[in-house]
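Engineer: Mind looking over this structure? Questions follow.
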Amino acid sequence: MNRLNRALTLVAATALTPLAAAQDSSVEYPQPDSFPNCLAELATLAEQQGVSARTRAAVIPELKWRSDVIALDRRQPEFTLSFDRYFTRAVSEQRVTAGRKAYAEHHRFLDELEKQYGVPGRYLVAFWGLETNFGNYLGNTPSLDALATLACDARRGSYFRSELLAALRVMETHALPAANLTGSWAGALGQVQFMPSNYLRYGQDGDGDGRVDLFGSTRDALTSAAHFLNQLGWVPEQRWGREVRLPERFDYGMADGRTTRPLREWKSLGVRHANGGPLPVADFEAALHVPSGHRGPAFLTYQNFAVTKRWNNSNFYALAVGHLADRVAGSPGLVRAPAADSPQIRLDTVRRAQEKLNTLGFALGKPDGVVGPGTRGAIRDYQLQNGLIPDGHLDAELLRSLNIYDTP
């Protein structure tokens, strides 16, 4: 799932409903004629992988095609989502208050998990909050229907076939009725939104009842999240990163979010804490992000930021998790607010900007409306050659320079 798609999906959790408004309602995806044959093939695969005849008979003939799932997978949003809009929803004051309450309620158990897995409780609460609003909204799409629909779709069928089969094993292994399996449009399950294969691989019995229930057991969900992050390489006793202040006339070419330098080197370049204090002297590596350009906040991120992106490969998501964890622990909000992007920039406008950059010789690949690393690099190169601050950010100033205007 690409970065923009995941970012849009996860911001939906802040509103507790999918981003239906972002879909093109004029596009329909009727059930293909091949769907019944695909279900028959899935039944054969399930038998080969040891799924019981009883489960196969009870589940597979009842699976239904979901055109809404295909629409969400195709992701035809009218607008891109700026960091400002994403972040202010994801780390709202309401979510911070709820997160502090959840942390206080579970802090003894969270302390035990930190001793066992090395992941501080504030981060577990932040993941929990962003995924399902602390277990208050687990999604309402029938998971098996969603997985079957995507398994029988050509775009990513192989991946979702394996996930559907894993979901059937989850049902059998953990005694979960099919009717109880509801979640995201992509088939993610439970309070921490694990895909079925991760449910099988990383799910843990945190409450000691002999089964793993990521839906009804908060302790199972939090323990499983801690185990997952530990296995992904979480570094104990290290932060995710921090907001920082950049010096005047800073070289924004270094703020690509990928190039790492030792923290002491960033300090020598004049980078300071956001509040003006000095950075610590340390040798661990850090990357610099300016997600809303030079007018917005800057962040140095460490290894645990990269681990967070292995949970969900979105810079916006990982920044939100880290900052929400800080806020849960009592830290104040950002010193420098995200730069407001208003009006939002439409996807077709992004495509036109990509096409123009390609035409001008700033190769970024096939225009797709998604501002990924290739597009940011091309923007940065264009800005350098045209006297703009090379922050790699697509904003109104860049569009004016390209003679592109964001109109419907």
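Bear in mind these aren't lab numbers, they're just calculated from the coordinates by the rules spelled out. Please read these numbers as outputs of a predicted model, since none were measured by experiment. When we count neighbours, we look across all protein chains shown, and the Cβ atoms used for this are built from the backbone with ideal geometry, even at glycine.
Engineer: Please return the longest range in the chain lying between exposed loop sites, taking GluC sites (Glu not before Pro), DSSP loop only, at most 16 other beta-carbon atoms within 10 Å, and leaving the sites out. Could the numbers behind the result be given before it?
Structural biologist: Values: sites that count: Glu28, Glu78, Glu237, Glu248.
It works out to 249-408.
Engineer: 5 Å is the cut-off here: which amide hydrogens, built 1.01 Å from N in the peptide plane, fall below it relative to Phe194, excluding neighbours closer than 5 in sequence?
Structural biologist: Answer set, sorted by chain and number: Leu189.
Engineer: Trypsin sites (Lys or Arg not before Pro), restricted to segment 106-193: which are DSSP loop and have at most 14 other Cβ atoms within 10 Å?
Structural biologist: In loop regions of segment 106-193 (DSSP not H, G, I, E or B), the sparsely surrounded trypsin sites (Lys or Arg not before Pro) are Arg155, Arg156.
Engineer: Here is a follow-up. Please compute, for the alpha-carbon atoms of the chain, the extent along each of the three principal axes and give them in descending order in Å.
Structural biologist: Sorted largest first, the three principal extents are 68, 52, 33 Å.
Engineer: Same structure, new question: Please work out whether segment 26-179 counts as rounded, prolate or oblate from its C-alpha gyration tensor, where a ≥ b ≥ c are the square roots of the eigenvalues and a/c under 1.5 means rounded, while otherwise a/b larger than b/c means prolate and anything else oblate?
Structural biologist: Values: a/c = 2.96, a/b = 1.48, b/c = 2.00.
Oblate, since a/c reaches 1.5 and b/c is not below a/b.
Engineer: Please compute, over every Cα-Cα pair in segment 248-337, the percentage with a separation greater than 20 angstrom. Present the calculation step by step, with values, prior to reporting the outcome.
Structural biologist: Numbers: 1384 of 4005 pairs.
Counting pairs separated by more than 20 Å, the tail of P(r) holds 35 percent.
Engineer: What does the extension gain come out to for Arg156 and Asn386, with contour length at 0.36 nm per residue minus their alpha carbon separation?
Structural biologist: Working: separation 230, 0.36 × 230 = 82.80 nm, distance 4.04 nm.
Roughly 78.8 nm would be gained on extension.
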